[in-house]
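J.: Have a look at this one.
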2 protein chains.
Amino acid sequence: MRALALTGGVGGAKLCFGLVQILQPDELRIVVNTGDDEEFHGLYVCPDLDTVMYTLAELSNPHTGWGIRNETFATLSALDRLGQETWFGLGDQDLATHIVRTNMLREGKSLSEVTEHLCGRLGLEHPIIPMSDYPVRTTVSTDIGVLPFQTYFVRHGCEPIVSSLGFEGSQSAKISAKFSEGLNSSDTLIFCPSNPYLSVAPILSVPGVRERIERFEGTRLAVSPIVGGQALKGPAAKILEELGEDVSCVGVARQYLGLCDTFVIDELDAELADDIRNLGMNVLVLNTIMNNNRDKIQLARHLLEAASESDGS
Amino acid sequence: MRALALTGGVGGAKLCFGLVQILQPDELRIVVNTGDDEEFHGLYVCPDLDTVMYTLAELSNPHTGWGIRNETFATLSALDRLGQETWFGLGDQDLATHIVRTNMLREGKSLSEVTEHLCGRLGLEHPIIPMSDYPVRTTVSTDIGVLPFQTYFVRHGCEPIVSSLGFEGSQSAKISAKFSEGLNSSDTLIFCPSNPYLSVAPILSVPGVRERIERFEGTRLAVSPIVGGQALKGPAAKILEELGEDVSCVGVARQYLGLCDTFVIDELDAELADDIRNLGMNVLVLNTIMNNNRDKIQLARHLLEAASESDGS
């Protein structure tokens, strides 16, 4: 098997953790959203890349899903003392990642190269790949104006009402070389249970990506991040509602029309399977709630089995 | 009185602390060596400026004289995990200073402007001024090669044998505007008890500075950092010896020929007063060992009194 996983942060990273326990490093590529990236204090921060990296390295904070466990915030307090805005909670250990990344980028390395270096240092063997080495910045049009993603997400705690999303820079961005290779050479594409608007749409906004996924010849699966009408994490449900979409796995499935063959919903949503079949997708009903490593591995195993079977069909 | 203090790190900063308790912000300018500055992990670090700043803000580590009290090193540990060299011990709180400075410099601010901003945020009212806004980098020629200053000082713990010092960039550097103003408008110049080779010589290497101090019309005092043939802090004694100079306050005084009217030695060295008078300087014998704030203020007061008297003479 050669799988390509597309993911955002926390929820998607959990599934990636499961995939990594089953697949060899040459059997899996993980492509990560970089629309959330932002500079803070001149340091280049990639929240989704870092969440995936920390999760796979088993460094992540189990309570939040993002950030590093046993983190401290001494630098942030000192930044506050120096008059800096500190609403984005950069931890001391986490800062090392941003410092090294920023320095390598300034030296002319690409984000792909930097990520590969960081992953290597953390002992990760499976490739973690930014969707693009070019800047793409998610912006959120809201009732209080157009906000950079992190301003919407962290500073305002997702409270503003969303009317649309933009992906600044995407028109001139290029797909990263390893993402492109992955699209060419993989037989299985997995949309992790990430926010379709905030995590997956930025990836699809990179020129050529949507079309290449539409034409992808292997098996394409997507896992709903909405279970029982609620987001397991983050503002997915709130945004679906504000954009006039069904707040359900069916609403999510509609975002994947033409991009996905098999849509994976949770056992709690089994009754909605027919609504999704009516969209022209196969449905797989699984336990998608990942409370522990066993859940993550089990979901990954079921997905990969389903992909193998459909491949043979 | 309008005083201009020239200083390096720990020892000089102690005297500056004393001066600041006596003089008003418009009566004192503190000019700081930047030859020790270095980039670590892409962050611009100014050890002497920071030591002075932290000392005056009463944030400094009382045990080391440099760094911040109650400091932690979580980011440094994480930088180590990411494969960075971590022989330069950047603390978590200290890093905030370097992050803000680096970001402001990248935005086009001068080091003088950045320093003024940082001092303002720390509640400091007396101007702390880098000797130059241009890069001047002290290099140390040793038996193991020419070393950047911090490599000599921290990485090798001052162990290599010094044959000479260089000040890279000094030829094209310019004196900072506020240092220049200070030279024009001050009536008292104080060389703090800093290393004459490592802290004072870089300041003198900036084009025009030595000549302007030679022509300075007010009172010029220098305080010996060597007491009883030993450096109170750092490698001053070792370097004096390696460069073939007397390891004593007399050896230091010779570095100030033509630059200083009154040389201040410690009570422990009172017997050497005549040797210094023979160099053509006045001698002031004081307690120069500053173990606590009272010592710092007392030394500052005695210096300022001596300056006032000689001014009237």
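J.: Can you give me the distance in nm between label points at residue B:1 and residue B:241, each placed 7 Å from the Cα along the Cα-to-Cβ direction?
T.: About 3.6 nm, to one decimal.
J.: Contact order normalised by length for the range B:132-281, with contacts defined as Cα pairs under 8 Å and 6 or more residues apart; what percent is it?
T.: Over the range B:132-281, the number comes to 20 percent.
J.: Shape verdict for the range B:253-303, please, from the Cα gyration tensor: rounded (a/c under 1.5), prolate (a/b greater than b/c) or oblate.
T.: Prolate.
J.: I need the shape label for the range A:190-313. Rule: rounded when a/c is under 1.5, else prolate if a/b > b/c, else oblate, with a, b, c from the alpha carbon gyration tensor.
T.: Rounded, since a/c falls under 1.5.
J.: In what order do A:53, A:131 fall by count of nearby beta-carbon atoms within 10 Å, going from fewest to most?
T.: Lowest to highest Cβ neighbour count: A:53, A:131.
J.: Could I ask something else about it? If you average the alpha carbon positions of the range A:289-308 and of the range B:47-101, how far apart do those two centres end up, in angstrom?
T.: 45
J.: Name the trypsin sites (Lys or Arg not before Pro) in the range A:184-248 that are in a loop by DSSP and that have at most 12 other C-beta atoms within 10 Å, would you?
T.: Answer in residue order: A:215.
J.: Have a look at B:282, B:240, B:216 and report the one farthest towards the positive end of the charge dipole of the range B:209-313, computed about the Cα centre with Cβ charges (Lys/Arg +1, Asp/Glu -1).
T.: Towards the positive end, the residue furthest out is B:216.
J.: Find every distance from the label point of residue A:270 to the corresponding label point in the other copies (7 Å from Cα along Cα→Cβ) and write them in nm, one decimal, shortest first.
T.: Relative to the other copies, residue A:270 has label-point distances of 9.8 nm.
J.: Placing +1 on the Cβ of each Lys and Arg and -1 on the Cβ of each Asp and Glu in chain A, which of A:124, A:250, A:67 has its Cα farthest towards the positive end of the resulting dipole?
T.: A:124
J.: Distances from residue A:309 to the same residue in each other copy, label points 7 Å out along Cα→Cβ, in nm, shortest first?
T.: Copy-to-copy label distances at residue A:309, shortest first: 9.9 nm.
J.: Suppose R0 equals 22 Å. What FRET efficiency, 1/(1 + (r/R0)^6) with r the Cβ-Cβ distance, do residue A:277 and residue A:214 give to the nearest 0.05?
T.: Rounded to the nearest 0.05, the efficiency is 0.65.
J.: Let me ask something else. For labels at residue A:22 and residue A:156 in the simple 7 Å Cα→Cβ model, what's the distance in nm?
T.: Result for the modelled spin labels: 3.9 nm.
J.: What residues have an amide H closer than 5 Å to that of residue B:141, excluding those fewer than 5 places away on the same chain, when H is modeled at 1.01 Å from N in the peptide plane?
T.: Correct list: B:147, B:163, B:164, B:165, B:166.
J.: Give, rounded to the nearest 20 debye, the magnitude of the charge dipole that the range B:1-117 has about its Cα centre when Lys and Arg contribute +1 at Cβ and Asp and Glu contribute -1 at Cβ. Provide the component values of the computation, followed by the final result.
T.: Working: 8 positive and 17 negative charges, 42 e Å.
The dipole magnitude comes to about 200 debye.
J.: Which residue in chain A puts its Cβ closest to the axis that rotates chain A onto chain B, and at what distance in whole Å?
T.: Value returned for chain A: A:92, 2.
J.: With a/c under 1.5 counting as rounded, go ahead and sort the range B:63-201 into rounded, prolate or oblate using the C-alpha gyration tensor (a ≥ b ≥ c being the square roots of the eigenvalues; past the cut-off, prolate if a/b is larger than b/c, else oblate).
T.: Because a/c hits 1.5 or more and a/b fails to exceed b/c, the range B:63-201 counts as oblate.
J.: With +1 on each Lys and Arg Cβ and -1 on each Asp and Glu Cβ, how big is the dipole of chain B about its Cα centre, in debye rounded to the nearest 20?
T.: I would put it at about 500 debye.
J.: Within a 10 angstrom radius of each residue's Cβ in A:69-79, how many Cβ atoms of other chains show up on average? Whole number is fine. Could the numbers behind the result be given before it?
T.: Numbers: counts 0, 1, 2, 4, 2, 13, 13, 3, 3, 12, 6.
Rounded to a whole number, the mean comes out at 5.
J.: Right, another one. Roughly speaking, what is the centre-to-centre gap between the range B:172-208 and the range A:133-159 when only Cα atoms are used, to the nearest Å?
T.: 48
J.: What share of all Cα pairs of chain B, in percent, falls into each consecutive 10 Å distance bin?
T.: 6, 28, 37, 23, 5, 1, 0
J.: Per DSSP H run of at least 4 residues, take -39500 (n - 2.57); add these up for chain B, divide by its residues and hand me the 222 nm value, nearest 500 deg cm²/dmol.
T.: -10500 deg cm²/dmol
J.: Helix A:293-312 against the longest principal axis of chain A: what's the angle in degrees, Cα atoms only, rounded to the nearest 10?
T.: For helix A:293-312, the angle is close to 50 degrees.
J.: Oh, and also: Output the relative contact order of chain B, whole-number percent, from Cα pairs under 8 angstrom with separation of 6+ residues.
T.: Taking the mean separation of contacting Cα pairs over the length of chain B, I get 20 percent.
J.: Now, a different point. Got the residue B:80 label distances to the other copies yet, label 7 Å along Cα→Cβ, in nm, shortest first?
T.: So the distances to the same position in the other copies read 2.8 nm.
J.: DSSP loop (so not H, G, I, E, B), at most 15 other Cβ within 10 Å: list which GluC sites (Glu not before Pro) in the range B:1-91 pass both filters.
T.: Qualifying residues, ordered by number: B:58, B:85.
J.: While we're here: For the protein assembly as shown, what value does the Rg/Rh ratio take when both radii are computed over Cα atoms and Rh is the Kirkwood radius, given to two decimals?
T.: 1.13
J.: I'd like the mean, over residues of A:116-124, of how many other protein chain beta carbons sit within 10 Å of each residue's own Cβ. Write out the running numbers ahead of the final one.
T.: On the way: counts 0, 2, 2, 0, 2, 5, 3, 1, 0.
That average works out to 2.
J.: Same structure, new question: State, as an integer percentage, the relative contact order of the range B:80-220 based on alpha-carbon contacts under 8 Å between residues 6 or more apart.
T.: Taking the mean separation of contacting Cα pairs over the length of the range B:80-220, I get 20 percent.
J.: Suppose every Lys and Arg Cβ carries +1 and every Asp and Glu Cβ carries -1, with no other charges. What dipole size does the protein assembly as shown come out with about its Cα centre, to the nearest 20 debye?
T.: It comes to approximately 320 debye.
J.: Then there's this: Pairs B:174/B:296; A:109/A:233; B:14/B:174; A:174/B:109; A:109/A:178: which exceed 24 Å Cα-Cα? Show your work: numbers first, answer last.
T.: Working: B:174/B:296 32 Å; A:109/A:233 33 Å; B:14/B:174 27 Å; A:174/B:109 33 Å; A:109/A:178 15 Å.
Beyond 24 Å between Cα atoms: B:174/B:296; A:109/A:233; B:14/B:174; A:174/B:109.
J.: Also: Skipping prolines and chain starts, which residues have an amide H placed within reach, meaning under 5 Å, of the one on residue A:232, given they are 5 or more residues away or on another chain?
T.: Amide H neighbours of residue A:232: A:227.
J.: So if R0 is 60 Å, what FRET efficiency would residue A:230 and residue B:39 give, r being the distance between their Cβ atoms, rounded to the nearest 0.05?
T.: For R0 = 60 Å, the calculated efficiency reads 0.80.
No lab work stands behind these numbers, since they all come straight from the coordinates. What you are looking at is a predicted structure, and each value in this text was computed from that prediction instead of being measured. Please note: Cβ atoms are built from the backbone with ideal geometry, for glycine as well, and neighbour counts cover all protein chains shown.
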